[in-house]
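The values are calculated or read from the model by the stated rules, or taken from the named source; none is laboratory data. In this text the structure is predicted, and so the values were computed from the model without any measurement. Backbone-built Cβ (ideal geometry, glycine too); neighbour counts: all protein chains shown.
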Amino acid sequence: MLRAGNILLPILRKKANLTEFYKILNVSKSSSLKEITTSYFDLAKKHHPDHGGEEDVFRAIHKAYRELKKVHKGGVLELVEAELSNRVPPEDAELIFGDDDEDSYWIKKKKKIRALLGEQKFAIKGKGDPWSGFLYRVQEAPHMTDGFSEFYCLYLHASYYSKALNTTVLEVIDYMVDKTYFIHLDEKKANKYEYDWNDDDDDFILISLDGIYKQIYIGRDMPIEYGRSRLSVQPIISEVVEDFQYYLE
């Protein structure tokens, strides 16, 4: 068994059975894919190494989610997992949408987010639940971060297209650890990246991309280069553009 705080998880064998996967995610065989996904993100939030969790436990959680997702997709799932990387976009990459680091609005917004999180972490150091009441306070006062209130996610900073490597690159910021990452999506495998979409909120979109342990936040204030966005054949890019166009209309 793997111990994660007060939680015991089965150690996965090379040929683990589905029962183990259901136990790991604390769901039943009758659970919907949405319920399984929700449970996965809740567990990932608690146990990812970036936030004090154990790597073996997180790997078990991720594997369980991956395998149960296959079951719900009919057992035949030829997908490519996206990965977070430190590899920057190629030199020829063109900005599709996002922050070019020169717009004063974006610069001020990032400073406000970092400053607020820095103050919060300092204020609660060594005290109980570090985020008790914090998220509610931010949601009630959206001007504090210019509307950004979904902190346990990856904030989409920009997206690029590289003709030389035929890739679309997403640049994301994890404000909780204050790190910038890149997600390189191969254009030849564009339809093999699995993702879920949540645009119920008027202020932002949340995307769950297979292989990425956090959801990706896209604010409605994201600048889009509509002409360049057609360079990428990634369905996830076209959906963002279509959703923004629908929202503006």
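Could you please find all residues in region 60-103 being part of a loop (DSSP other than H, G, I, E, B), at pLDDT below 85 and not acidic (D, E)?
Matches in region 60-103: K73, G74, G75, V76, L77, L79, V80.
Inspect all residues belonging to region 178-193 and state whether any of them is within 21 Å of K109 (Cα to Cα), in contact (Cβ under 8 Å) with a residue 60 or more places away in the chain, surrounded by fewer than 17 Cβ atoms within 10 Å (Cβ to Cβ) and of a type outside the set (S, T, Y).
Initial filter on region 178-193 (within 21 Å of K109 (Cα to Cα)): 178-182.
Filter once more, keeping what is in contact (Cβ under 8 Å) with a residue 60 or more places away in the chain: 178, 181-182.
Checking which are surrounded by fewer than 17 Cβ atoms within 10 Å (Cβ to Cβ) leaves us with 178.
Those left that are additionally of a type outside the set (S, T, Y): 178.
Yes, there is a match, as at least one residue in region 178-193 is within 21 Å of K109 (Cα to Cα), in contact (Cβ under 8 Å) with a residue 60 or more places away in the chain, surrounded by fewer than 17 Cβ atoms within 10 Å (Cβ to Cβ) and of a type outside the set (S, T, Y).
When you go through D243, D210, D203, D196 one by one, which is the residue that is touching a helix residue (DSSP H, G or I) at 6+ places or on another chain (Cβ under 9 Å) and over 19 Å from E81 (Cβ atoms)?
D203
What's the total number of residues in region 188-199 that are modelled with pLDDT of 85 or more and either in a loop (DSSP other than H, G, I, E, B) or on the phi > 0 side of the Ramachandran plot (or both)? Quick ask: steps written out before the conclusion?
Kept after step one, since they are modelled with pLDDT of 85 or more, are these residues of region 188-199: 188-193, 195.
After this cut, where a residue has to be either in a loop (DSSP other than H, G, I, E, B) or on the phi > 0 side of the Ramachandran plot (or both) as well, the list is 193.
Counting residues in region 188-199 that are modelled with pLDDT of 85 or more and either in a loop (DSSP other than H, G, I, E, B) or on the phi > 0 side of the Ramachandran plot (or both) gives 1.
Residues in region 199-215: is at least one crowded, with 18+ Cβ neighbours inside 10 Å and basic (K, R)?
Looking through region 199-215, at least one residue is crowded, with 18+ Cβ neighbours inside 10 Å and basic (K, R).
Tell me whether region 217-226 contains one or more residues that are closer than 22 Å to N86 by Cβ and either modelled with pLDDT under 90 or not in a loop (DSSP other than H, G, I, E, B) (or both).
Going through region 217-226, the residues closer than 22 Å to N86 by Cβ turn out to be 217-218.
When the remaining residues are screened for being either modelled with pLDDT under 90 or not in a loop (DSSP other than H, G, I, E, B) (or both), the result is 217-218.
Within region 217-226, one or more residues are closer than 22 Å to N86 by Cβ and either modelled with pLDDT under 90 or not in a loop (DSSP other than H, G, I, E, B) (or both).
In region 218-231, which residue that is over 20 Å from the mean Cα position of the chain (by Cα) and small (G, A, S) is farthest from E94 (Cα to Cα)?
G227
Can we say G52 is modelled with pLDDT under 85, of a type in the set (G, A, S) and over 23 Å from E194 (Cβ atoms)?
Yes, satisfied.
Residues that are touching a strand residue (DSSP E or B) at 6+ places or on another chain (Cβ under 8 Å), under 20 Å from H48 (Cβ atoms) and not in a strand (DSSP E or B): does region 159-175 have at least one?
Yes, there is a match, as at least one residue in region 159-175 is touching a strand residue (DSSP E or B) at 6+ places or on another chain (Cβ under 8 Å), under 20 Å from H48 (Cβ atoms) and not in a strand (DSSP E or B).
Consider only pairs whose beta carbons are under 6 Å apart and that are at least six residues apart or on different chains; among these, list those whose first residue lies in region 229-247 and is in contact (Cβ under 8 Å) with a residue 24 or more places away in the chain and whose second residue is acidic (D, E).
Partner pairs satisfying both residue conditions: V233/E187; D243/D199.
For the condition at pLDDT 90 or above and touching a helix residue (DSSP H, G or I) at 6+ places or on another chain (Cβ under 7 Å), what is the one hit in T180, T168, T145?
Details: T180 fails: touching a helix residue (DSSP H, G or I) at 6+ places or on another chain (Cβ under 7 Å); T145 fails: at pLDDT 90 or above.
Every option except T168 fails the conditions.
Is region 200-211 home to any residue that is part of a loop (DSSP other than H, G, I, E, B) and either within 23 Å of R114 (Cβ to Cβ) or assigned by TED's automatic domain parsing to the domain that holds D42 (or both)?
Here is the first cut: in region 200-211, the residues part of a loop (DSSP other than H, G, I, E, B) are 200-203, 210-211.
Keeping just the survivors that are either within 23 Å of R114 (Cβ to Cβ) or assigned by TED's automatic domain parsing to the domain that holds D42 (or both) gives 201, 203.
Yes, there is a match, as at least one residue in region 200-211 is part of a loop (DSSP other than H, G, I, E, B) and either within 23 Å of R114 (Cβ to Cβ) or assigned by TED's automatic domain parsing to the domain that holds D42 (or both).
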